């Protein structure tokens with residue numbers, strides 16, 4: 001039976017799709033799930049009951065890692081279907097662009113930060129492509145400031161006393177759609193002292209203009225922050241599949257700026273940017289620009305700078321001396337080093353008879369942890385023993401480094417075994433938070449502890465949790481971490497400690 005060229009091209013596309021799917025060991029249902037389609041759709045395309053679409057071909061090529069083969073078969077079919085000569089098209093979307101369920105894709109982000117007249121003006125411009133199956137009617141935008149990134153406690157206090165406001169941001173947003181620049185309305189999502197989130201809406205008083213599947217549009221939003229609230233760093237976090245990211249700094253030449261950059265990801269520690277930052281000076285301004293192709297999801301890129309000539313201080317700048325870290329902990333109800341209670345063994349509960357007392361102590365420990373969370377970010381996890389809040393009872397609450405994990409409650413704990421392998425890491429203690437010390441600890445700890453009904457169980461802890469638990473059990477025995485340090489090893493003042501906000505490494 002004779003078939004037309006277009007039918008042969010459709011057969012070729014279906015055959016290429018099926019062959020690549022089988023090579024990858026995928027069922028039609030699995031492929032559909034990764035592409036974000038209904039399972040029957042893949043079956044219908046392979047069976048020639050549905051015509052392939054451009055979006056389907058792009059996704060299939062990316063998910064099946066076909067290196068453009070499926071996309072080429074689609075081009076041949078589509079050109080014949082429209083009876084036109086082969087024209088140059090965009091290459092297929094790279095694999096990381098289309099994770100399962102992907103909708104919006106950032107084809108290019110240009111983020112520009114300009115310092116002028118004691119304030120920073122941030123302009124974010126994003127070219128968007130809707131690779132999903134539903135229209136997009138809003139876009140999430142974030143504004144976060146951190147005046148003292150190397151001292152989170154100081155920064156948190158500063159922003160509590162000098163909160164960021166929507167009024168000063170003067171947030172403005174626009175959508176460039178087919179040559180028309182439409183203002184975008186916005187709606188608050190989160191309003192915190194140093195953090196704002198808003199929904200940028202694809203609508204205004206004149207009407208709505210949603211971004212439909214397969215369409216492209218460019219949005220732009222801009223805001224202003226005074227330099228007394230903005231630390232000298234500009235970070236971009238990749239939260240959507242992104243094809244290209246460009247970051248620019250526009251700084252006064254008279255302040256003699258020095259700029260460098262760092263990057264982090266979920267699989268790598270902080271390190272320098274992989275490519276250099278370009279600089280050019282013009283009209284009294286120092287322009288710095290850095291760009292990357294196909295950045296990984298959840299990667300973070302940060303430009304930092306220092307002015308050799310300090311900018312003028314605004315009248316609103318904070319002039320009062322900063323409170324010490326230990327003073328802040330004392331104000332939160334944490335007993336400080338030197339108190340006799342910290343050197344005395346804690347009293348064990350007689351369970352279940354002391355059950356009500358035990359529950360009250362644990363509730364007070366949890367409340368204290370909530371208070372100190374407002375004073376400092378605990379990326380390494382944090383623990384608190386009852387003697388540290390003035391209660392001589394054998395109870396501790398330990399929150400793991402993973403903030404989503406439930407805190408661990410230990411009643412009458414005692415160490416029954418530990419791994420012979422140890423490591424040394426810097427620890428802090430809420431009872432003398434002005435310093436950090438290098439402490440050896442076992443990498444695994446077996447702890448016997450009581451349930452509320454008095455029954456006992458042994459739990460094993462490893463790595464960071466083993467360190468946190470060991471630290472708190474020491475408190476119940478009247479011991480501080482300085483007692484574990486090697487002779488002659490000095491404490492490090494918190495001002496000189498450079499691992500704040502960084503998890504322990506294993």
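The values are calculated or read from the model by the stated rules, or taken from the named source; none is laboratory data. Bear in mind the structure is a predicted one, so any value in this text is a computation, not a measurement. Reconstructed Cβ throughout: ideal geometry from the backbone, glycine too, with neighbour counts over all protein chains shown.
Would you kindly identify the strands (runs of 3 or more DSSP E) lying entirely within segment 427-506 that contain at least 3 residues that are surrounded by 17 or more Cβ atoms within 10 Å (Cβ to Cβ)?
Working: elements: 435-442, 444-450, 456-462.
Because the criterion is at least 3 residues that are surrounded by 17 or more Cβ atoms within 10 Å (Cβ to Cβ), the strands (runs of 3 or more DSSP E) in segment 427-506 that meet it are 435-442, 444-450.
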TODO: Would you tally the residues in segment 192-205 being within 28 Å of residue 265 (Cα to Cα) and either in a loop (DSSP other than H, G, I, E, B) or at pLDDT below 90 (or both)?
DONE: 4
Task: Hits in segment 114-130 - residues which are farther than 16 Å from residue 172 by Cβ and in contact with a strand residue (DSSP E or B) (Cβ under 6 Å, 6 or more places away or on another chain) - done: 115, 127, 128, 129, 130
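Return the only residue of 386, 405, 358, 394 being touching a strand residue (DSSP E or B) at 6+ places or on another chain (Cβ under 8 Å) and free of Cβ contacts under 8 Å to residues at least 12 places away in the same chain.
Working: 386 fails: free of Cβ contacts under 8 Å to residues at least 12 places away in the same chain; 358 fails: free of Cβ contacts under 8 Å to residues at least 12 places away in the same chain; 394 fails: free of Cβ contacts under 8 Å to residues at least 12 places away in the same chain.
Result: 405 is the single residue among 386, 405, 358, 394 that is touching a strand residue (DSSP E or B) at 6+ places or on another chain (Cβ under 8 Å) and free of Cβ contacts under 8 Å to residues at least 12 places away in the same chain.
Can you tell which of 18, 40 is over 34 Å from the mean Cα position of the chain (by Cα) and modelled with pLDDT of 85 or more?
On the way: 40 fails: modelled with pLDDT of 85 or more.
Only one candidate passes the filter, namely 18.
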Open item on the list: Cβ-Cβ distance below 6 Å, separation of 6 or more or different chains: which pairs start in segment 67-93 with a residue that is under 16 Å from residue 53 (Cβ atoms) and end on one that is crowded, with 20+ Cβ neighbours inside 10 Å and modelled with pLDDT under 50?
Closed with: 71/92
Task: Failed item in (1) within 18 Å of residue 474 (Cα to Cα); (2) surrounded by 15 or more Cβ atoms within 10 Å (Cβ to Cβ), with residue 339 passing the rest - done: (2)
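Which ones in segment 206-223 are part of a loop (DSSP other than H, G, I, E, B) and either closer than 23 Å to residue 142 by Cβ or under 26 Å from the mean Cα position of the chain (by Cα) (or both)? Let's see the steps before the verdict.
Taking segment 206-223 as the starting set, the residues that turn out to be part of a loop (DSSP other than H, G, I, E, B) are 206, 209-210, 212-215.
Passing the criteria: 209, 210.
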Open item on the list: Any residue that is without any contact (Cβ under 8 Å) to a residue 40 or more places away in the chain, within 25 Å of residue 310 (Cβ to Cβ) and surrounded by fewer than 16 Cβ atoms within 10 Å (Cβ to Cβ) - is there at least one of those in segment 118-131?
Closed with: no
